[in-house]
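The values are calculated or read from the model by the stated rules, or taken from the named source; none is laboratory data. Quick caveat, the model's predicted, so the values are computed rather than measured. Every residue, glycine as well, gets a Cβ built from its backbone with ideal geometry; the counts of neighbours run over all protein chains shown.
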Amino acid sequence: MTGSDYYIPAVLLAIALVVKAPSFWHTWHSPMSKSIFVILASSTAGFVFGAPPTIERVNRITGVPNISALIVYCILSCLSCGSLVLLMHWRGGPEETVRRHTRMWIAATTAVMATFCVLFSLSDVPIEQQRDFDTFYATTPYAREMIVLYLTAHTATSLVVVTKCWRWARELRELQAAWTHWGLLVLVAAFGFTLSFALFKFLAVGARWAGTDTWDSLSTDIAPPLAGLGAGMTTIGFLVPVVGPRLGSMWVSWRAYRAMEPLWRALEPFAGPGKPIRIRPTSSPEIRAMARSTEISDRLLNLAPHLDGSRREAAEQYASSQGCEPEAALIFAEAATIHAALVATEGAGMPASGQMPVGVETGAVFPTRVSGTNGLARLSIQFSKIHRSESPVGAAHSESN
């Protein structure tokens, strides 16, 4: 792996960290926010300080050969601890139990990092190793113990997270918690990669203990990409349940916004004298969908005196007779009635202001029974089918299917 292999994911993670910064600032009291911050920050730092160019520069600036290895060990320990703490708060449970387990993991991680520092200070590692520190010093006193402690802690943490995430994912599969379920599966895969990283490192170190360096490539060539992939997927796994519902909501709103366009345009002559709702280019899909549904509702009120209640009842009965569910029959009836009213008013001198033409009764207002963004989106889709086919009968068959 070259420097760019480390720096590109580091930049992407740093962007995610900057984007989430306002959220961290406002919710810093939350243990979950702190944990997500630690995960993003340690993942970013891990890629930066694990890159060979950074290793060389840090060693030169500090004047301590191989101190980068100690820094990376501590950073990855923070990542593992943050992942466990976030998982515990995410899973929930008795507050005191969660708090006790959190303190236990933080204390254990602190003790491990302090042990790293002591063992490194006692070891004699004068020759700089940018890529193969673990294997080169596998038999060096104190450095050997530091490497084993690091790999053991990494393996234990990965096993705990994989086990907990897998069990929880199986529970959530039955509860239909889709985003959390998929996030947990991503975490299982992520820590599976980090577990493989530790195992490959152990194999290479074990081979050095056996007196051969033929397995060094497991540590220098195969393990690092697995660690990088695992770190990136860990961040994604924890962000999926947070970002996923938001993206899902935006997608649903955008689809509804687009689906309402045919009915919205057809009702444009009944927009009324008021100014249209102004939508900023940066407005969210939810705001756009809400504004369009509001405009459709207002235009339907202006169209109401032209709507025929008896036609609606007949259309609903017909749709029901064709096997439509009650809700689908209602949508079809409303769409057919609106379409008939618009056809009847074409060329009748309806002014753009939406005022009633001379001779049209204004007493009987026919309110639509369809409301809400999703309801109006379905109504618009059915209206479009009727408009294209010019045959409410065919449209009712389409709705029943």
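Just a few scattered comments:
- When residues of the stretch 163-205 are limited to those that are in contact with a His (Cβ under 6 Å, 6 or more places away or on another chain) and over 30 Å from Tyr150 (Cβ atoms), the one surrounded by the fewest Cβ atoms within 10 Å (Cβ to Cβ): Arg173
Results for (1) outside the structural domain of Val85 (by TED's automatic domain parsing); (2) within 24 Å of Ala16 (Cα to Cα); (3) not basic (Lys, Arg), shown as yes or no for each residue.
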position	(1), (2), (3)
Ala227	no, yes, yes
Met233	no, yes, yes
Gly272	yes, no, yes
Ile277	yes, no, yes
Thr282	yes, yes, yes
Ala289	yes, no, yes
Ser310	yes, no, yes
Glu313	yes, no, yes
Glu316	yes, no, yes
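- Some residue of the stretch 99-121 being of a type in the set (A, V, I, L, M, F, W, C), surrounded by fewer than 16 Cβ atoms within 10 Å (Cβ to Cβ) and assigned to a loop (DSSP other than H, G, I, E, B): no
- Scanning the stretch 239-260 for residues that are within 27 Å of Val186 (Cα to Cα), of a type in the set (Ser, Thr, Tyr) and either at pLDDT 90 or above or surrounded by 15 or more Cβ atoms within 10 Å (Cβ to Cβ) (or both) returns a single hit, Ser253.
- Gly309, sole failed condition from (1) more than 30 Å from the chain's Cα centre (by Cα); (2) surrounded by 14 or more Cβ atoms within 10 Å (Cβ to Cβ); (3) in contact (Cβ under 8 Å) with a residue 40 or more places away in the chain: (2)
- Selection within the stretch 261-289: residues that are crowded, with 18+ Cβ neighbours inside 10 Å and within 29 Å of the chain's Cα centre (by Cα). The member of this set that is farthest from Gly375 (Cα to Cα) is Arg288.
- For Glu316, the stated conditions do not hold, so it cannot be described as charged (D, E, K, R) and within 15 Å of Gly375 (Cα to Cα).
- Cβ-Cβ distances below 8 Å connect the following pairs, each with a first residue in the stretch 234-258 that is over 18 Å from Val38 (Cβ atoms), a second residue that is among the basic types (Lys, Arg), and a separation of six or more residues or different chains: Ser253/Arg288; Trp254/Arg288; Tyr257/Arg288; Tyr257/Arg292.
- Residue-level analysis places Thr362 among those that are out of contact with any strand residue (DSSP E or B) (no Cβ under 8 Å at 6 or more places or on another chain), modelled with pLDDT under 85 and polar (S, T, N, Q).
- Qualifying residue in the stretch 25-42 (condition: surrounded by fewer than 18 Cβ atoms within 10 Å (Cβ to Cβ), under 19 Å from the mean Cα position of the chain (by Cα), among the polar types (S, T, N, Q) and closer than 22 Å to Met233 by Cβ): no
- Flag for Ser123 being under 35 Å from the mean Cα position of the chain (by Cα) and either of a type outside the set (Val, Ile, Thr) or at pLDDT below 90 (or both): no
- Looking only at residues of the stretch 141-158 that are at pLDDT 90 or above and exposed (fewer than 15 other Cβ atoms within 10 Å of the Cβ), we find that the one that is nearest to Lys34 (Cα to Cα) is Thr152.
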